[in-house]
1. Does segment 178-219 hold any residues that are of a type in the set (A, V, I, L, M), over 16 Å from E97 (Cα atoms) and outside any loop (DSSP other than H, G, I, E, B), and which are they?
2. Scanning segment 44-59 for residues that are modelled with pLDDT of 90 or more, among the hydrophobic types (A, V, I, L, M, F, W, C) and within 21 Å of Q13 (Cα to Cα), which turns out surrounded by the fewest Cβ atoms within 10 Å (Cβ to Cβ)?
3. Inside segment 60-88, can you point out the residues that are closer than 17 Å to G19 by Cα and either surrounded by fewer than 19 Cβ atoms within 10 Å (Cβ to Cβ) or β-branched (V, I, T) (or both)?
4. Identify, from the list D12, D64, the residue that is over 30 Å from N175 (Cα atoms), in contact with a Pro (Cβ under 8 Å, 6 or more places away or on another chain) and at pLDDT 85 or above.
5. I'd like the residue in segment 158-177 that is modelled with pLDDT under 90 and assigned to a loop (DSSP other than H, G, I, E, B) and, out of all such residues, is surrounded by the most Cβ atoms within 10 Å (Cβ to Cβ).
6. Being over 22 Å from G126 (Cα atoms) and among the hydrophobic types (A, V, I, L, M, F, W, C) is the filter; apply it to segment 22-43 and report the residue that is surrounded by the most Cβ atoms within 10 Å (Cβ to Cβ).
7. From the residues in segment 180-219 that are basic (K, R) and within 20 Å of P80 (Cα to Cα), which one is farthest from the chain's Cα centre (by Cα)?
Amino acid sequence: MSAPIRVLVCDDQVLIRTGLVTIIGAQPDMEVAGECGDGRAAVELAERLRPDVVVMDVRMPVLDGIEATRRLAGAGVDRPVRVLVVTTFNLDEYVYEALRAGASGFLLKDAPPAQLLHGIRTVASGAALLDPEVTRQLVGKFAARIRPTGSPAVDTPLTPRELEVLGLIATGLSNSEIASSLFISQETVKTFVSRILAKLGLRDRVQAVVYAYRHGLVT
């Protein structure tokens, strides 16, 4: 039997935090590594406990969830921790900034328990958790703020075909939809996605979408 997924729960609302801890702790394949109510404590606990996943609220005292995520999973972090952002607000700027900071995905706080547990398992496996259409809306809405209008696309190590696949990812298509669009197999799409992530030094397709918009590879 594989080791349980160790989860750190960070939320400043005691009632919500207690609910999350109870739900997660009841799963046979998970255990609660710790809990806290502010971002600074989240960083300190995550660095000490090394959980598999940090369930992170966005708006917290002392240090908000965005900065805590950046310190745990951002660019240049030697031993990044996987962060699943849980927020009250859908498609708000905080979620976008959290994804830029290195989060592997996000869920709304009113999501059913089964969706939360699926999200934790997904992020723990190394995959990203973000609905493709939500990704497109979220990143497209805020990307213009960090890319000057009319700026040229950056030099990229990607081949024309890989750029095409990245563009389709950024428009919200799933692997199966990309396969249908390009008349190739899903396995081939997975290979392209893996190459894109490796060449750009990215962890998952969420970061790939952010990269594409930030660097003008898609509009």
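The values are calculated or read from the model by the stated rules, or taken from the named source; none is laboratory data. Quantities reported herein were computed from a predicted structural model and do not represent experimental measurements. All Cβ positions, glycine included, derive from the backbone under ideal geometry; neighbour counts span all protein chains shown.
1. Start the filter on segment 178-219 by keeping residues that are of a type in the set (A, V, I, L, M), which leaves 178-179, 182, 184, 189, 193, 196-198, 200, 202, 206, 208-210, 212, 217-218.
Restricting the remaining residues to those that are over 16 Å from E97 (Cα atoms) gives 178-179, 182, 184, 189, 193, 196-198, 200, 202, 217-218.
Correct list: I178, A179, L182, V189, V193, I196, L197, A198, L200.
2. Selected residue: L45.
3. Those that are closer than 17 Å to G19 by Cα and either surrounded by fewer than 19 Cβ atoms within 10 Å (Cβ to Cβ) or β-branched (V, I, T) (or both): V85, V86, T87, T88.
4. Sole residue among the options that is over 30 Å from N175 (Cα atoms), in contact with a Pro (Cβ under 8 Å, 6 or more places away or on another chain) and at pLDDT 85 or above: D12.
5. Per the criteria, the residue is L173.
6. It comes out as C36.
7. Filtering segment 180-219 for residues that are basic (K, R) and within 20 Å of P80 (Cα to Cα), the one farthest from the chain's Cα centre (by Cα) comes out as K199.
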